[in-house]
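A short worksheet on the structure shown next.
The values are calculated or read from the model by the stated rules, or taken from the named source; none is laboratory data. Please read these numbers as outputs of a predicted model, since none were measured by experiment. Neighbour counts are summed over all protein chains in view; Cβ atoms, including those assigned to glycine, are modelled from backbone coordinates with ideal geometry.
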Amino acid sequence: MREIELKYKINDNQDIIGILNSLGCDLSGEIVQKDKVYSRKIDNKHSVFRIRTQEYRGIEKTLLTLKQDITSELDCLESEIEVDDADKTEEMLEILGFKFGVEVSKKRRKGNWRGVTVCFDTVEGLGDFIELEYLTDAEDVDAELEIKKLEGRMSETGIEGYERVFKGYDSLLLEKIIINTYL
């Protein structure tokens, strides 16, 4: 599956949640996600494996997700399976040469609005974000066109004036760690 996303850093989450609800985007209850992120280059492409432990409505599950950049971190191939043993999965990734990068903890509310996945995230150490995601199995997708469609969808909400983000949470956290360590 291909995932193309548009992401913004926001600062007034209740207003945005209200706007999304008024537009008919029913957001889920809170999903607690804790990710361990591993990465390496494969065939000159940045590849990330994420082991995600997720709890929603008292049910916990663990997912293994592969993300491989196509044009950027926010335009990637994505494949995901449920796994039973997170520790064994970590061991296997390390044997394959994947290096542990960072842990990402967040609370997510998720919904669907006219065919677009909308995520409202509170990320520990980074703050609040809104994402609009386009998911497809098609191989011949024009990422720039899909981003323009997502931007149009975002402008329909009336939500504006926020900082657009071009990286994943793992990269943002790693940058923050490096800055805090060396400056």
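Grab the strands (runs of 3 or more DSSP E) fully contained in the range 78-145, keeping just those with 2 or more residues being surrounded by fewer than 15 Cβ atoms within 10 Å (Cβ to Cβ) and either aromatic (Phe, Trp, Tyr) or in contact (Cβ under 8 Å) with a residue 12 or more places away in the chain (or both).
Where strands (runs of 3 or more DSSP E) fall fully within the range 78-145 and carry at least 2 residues being surrounded by fewer than 15 Cβ atoms within 10 Å (Cβ to Cβ) and either aromatic (Phe, Trp, Tyr) or in contact (Cβ under 8 Å) with a residue 12 or more places away in the chain (or both), they are 99-113, 127-136.
Determine which member of the set 16, 42 is modelled with pLDDT under 95, hydrophobic (A, V, I, L, M, F, W, C), buried (at least 16 other Cβ atoms within 10 Å of the Cβ) and more than 13 Å from the chain's Cα centre (by Cα).
It is 16.
Would you be able to tell me the number of residues in the range 57-73 that are closer than 25 Å to residue 27 by Cα, exposed (fewer than 15 other Cβ atoms within 10 Å of the Cβ) and not basic (Lys, Arg)?
Here the count works out to 3.
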